[in-house]
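None of the figures in this text is laboratory data; all of them are computed from the coordinates on show. Because the structure is a prediction, the values reported are computed rather than measured. Positions of Cβ are generated from backbone atoms using ideal geometry, with glycine treated the same way; all protein chains shown enter the neighbour counts.
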Amino acid sequence: MVEGRIVIDGSQVLTELIEIVAQDPSQFEILRDARQDSVVVRALPRDAESVIVKLWRKPGTKSAIGRAIRVHSAYREWTALGCLHAAGIPVPRPLAILRLKAQVSGFTDAIAMDDLGECITAMQFIKQLVKAGRLDELSSLNDVIVDMTMRILATGIVDTDHSVVNMLVDRQERLHRIDLELARRLPVISMFDHRKGRMVGKLLSSYVFAVQPDVMLIDAFVDLVLCRMDLPASVSAEALGYVRTALECQRRLYGIDVRASSIRS
């Protein structure tokens with residue numbers, strides 16, 4: 001085993017590639033760099049297709065404890081990707097997970113997954129559809145988003161960062177869910193209505209930010225989510241409360257006031 005790496009799951013080729021990426025991510029195509037937290041890069045193994053490598057910087061005692069009992073960010077994402085991929089939900093296929101020694105590379109954890117190719121976020125795609133007046137296509141996309149959300153919940157996965165920012169649309173205009181490090185698989189999902197409400201609220205608020213100030217589009221999506229998902233009253237209340245809080249914050253900070261009837265108190 002190479003010094004500085006603890007292999008949890010993954011092939012030798014992939015684990016060696018991740019080791020190289022962790023040493024100097026700037027040698028590769030950096031897709032996202034949250035400098036204090038994580039880095040996402042596209043890397044090309046020898047004689048193989050490109051893969052996505054996500055690296056975390058999670059030092060400290062609290063993270064070490066989470067790592068020991070497997071509730072840290074990398075393991076949560078790894079678990080959620082495996083669960084959702086097995087259920088046929090469009091997510092990148094997980095390929096490898098490693099624990100790294102921070103003193104060697106500065107990173108503590110890493111996973112590798114399939115490369116989806118050139119994509120844009122669902123938020124960007126929604127904005128494009130609205131700008132082009134392609135509202136029938138937007139309606140179809142809305143159905144896909146809601147269907148994906150329902151299928152994720154059906155697996156027992158709850159993710160309070162479930163938003164159109166964390167969904168990608170590929171060149172074939174297919175939707176994929178990414179960035180699942182906050183996802184949790186709950187044994188009895190009905191016992192965690194507050195988390196389910198926050199998950200739906202995050203989705204709704206991100207969609208509002210994508211289509212505002214068009215209140216008709218906002219109302220149509222909110223009604224679609226609440227009707228199709230048939231949520232308990234407590235979950236709907238939590239979700240709408242989350243949206244109202246996000247919009248009030250937007251109003252205070254930026255002076256943008258959205259008054260859609262579907263999200264009023």
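Simple point charges give the picture: +1 on the Cβ of Lys and Arg, -1 on the Cβ of Asp and Glu, and for the chain a dipole about the Cα centre of about 860 debye. Show me the helices of the chain, taken as full DSSP H stretches, that run 18 Å or more along their long axis by Cα and average -0.5 or above in Kyte-Doolittle hydropathy. TM-like helix candidates: 73-86, 135-154, 193-211, 215-229, 233-254.
Our summary gives the stretch 202-265 a relative contact order of 46 percent, counting only alpha carbon pairs under 8 angstrom and 6 or more residues apart. Highest mean first, the peptides 115-123, 52-60 sorted by other C-beta atoms within 10 Å per residue fall in the order 52-60, 115-123. Volume of the convex hull of the stretch 137-265 (Cα atoms only), normalised per residue: 109 Å³. Cβ-Cβ distance of residue 248 and residue 44, R₀ of 41 Å, FRET efficiency by 1/(1 + (r/R0)^6): the value works out to about 0.35. Ordered by the count of other Cβ atoms within 10 Å of each Cβ, fewest first, 236, 139, 205 give 139, 236, 205.
Beyond 22 Å, the tail of the calculated P(r) for the chain holds 59 percent of the Cα pairs. Note on 178, 30: ascending count of other Cβ atoms within 10 Å places them as 30, 178, the fewest first. Across the chain, the mean sequence separation of Cα contacts (distance under 8 Å, 6 or more residues apart), normalised by length, yields a relative contact order of 16 percent. Close lysine pairs were tallied over the stretch 42-195: pairs 8 or more places apart or on different chains with Cα atoms under 30 Å apart number 5. Averaging the Cα positions of each part gives two centres, and for the stretch 105-132 and the stretch 27-47 these lie 12 Å apart.
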